[in-house]
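Worksheet: one structure, shown below.
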């Protein structure tokens, strides 16, 4: 059921997803997805969604599944300097999970914000900022579709996409190959 719920879930058309090799040393079973948020042929955010499964359970997980999620995006330099960005980015994850009804427990993670200024031969590059969120949690059921949708919503927020109102679906645009 878990794998089927992941594979039957579709994300917004700006999010290009592909299955990638999963880290099997952490659990007997795993699946991993890699995604890029693409706007006007430019990658503006990226992420990874990994589901670990151990039928015997693992004590730190407090369950038989563990979701490990990563999201990274470029942000305006002045926003990267705001110390509240880390708390705001974590709230994006929690709000996305709540909005999708993704019941979970034992959540943990980190949010990192960076600001970069280039010098010397790279001085012509614009100053830039990034936000990166790494999180893991234990789903309360094997229906992982809501968790995947919440991760997609998080990627959209990191990329600066406007939220879709409930029941509204964007029309698919051209896909990058």
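Readers should treat all values here as calculations from the given coordinates under stated rules, not as data from a laboratory. Please read these numbers as outputs of a predicted model, since none were measured by experiment. Glycine also receives a Cβ, built like all others from the backbone with ideal geometry; neighbour counts cover every protein chain displayed.
Here are some notes:
- Computed FRET value (nearest 0.05) for residue 99 with residue 134, which takes r as the C-beta separation and R₀ as 22 Å: 0.60
- Take every pair of alpha-carbon atoms less than 8 Å apart whose residues are at least six positions apart; their mean separation over the length of the chain yields a relative contact order of 26 percent.
- Computed [θ] at 222 nm, helices only, for the chain once each DSSP H run of length n ≥ 4 contributes -39500 (n - 2.57): -6500 deg cm²/dmol
- Backbone N within segment 45-76 under 20 Å of label point (7 Å from residue 24 Cα along the Cβ vector): 49-58, 65-68
- Near-label residues of segment 41-55 by backbone N, under 17 Å of a point 7 Å along Cα→Cβ of residue 3: 50-55
- Whole-Å distance, taken between Cα centres, linking segment 105-145 and segment 24-93: 8 Å
- Spin-label model, residue 125/residue 90: points 7 Å from Cα along the beta carbon direction are separated by 2.9 nm.
- Neighbour counts of other Cβ atoms within 10 Å put 149, 39, 133 in the fewest-to-most order 39, 149, 133.
- Subtracting the Cα-Cα distance of residue 10 and residue 79 from 0.36 nm times their residue separation leaves 21.8 nm of extension gain.
- Among [x] 17.0, 55; [y] 15.2, 49; [z] 14.5, 42, the entry derived from the coordinates for Rg and Dmax of the Cα atoms in Å: [x]
- Listed residues 154, 164, 122, most fluctuating in the chain (Gaussian network, C-alpha, under 10 Å): 122
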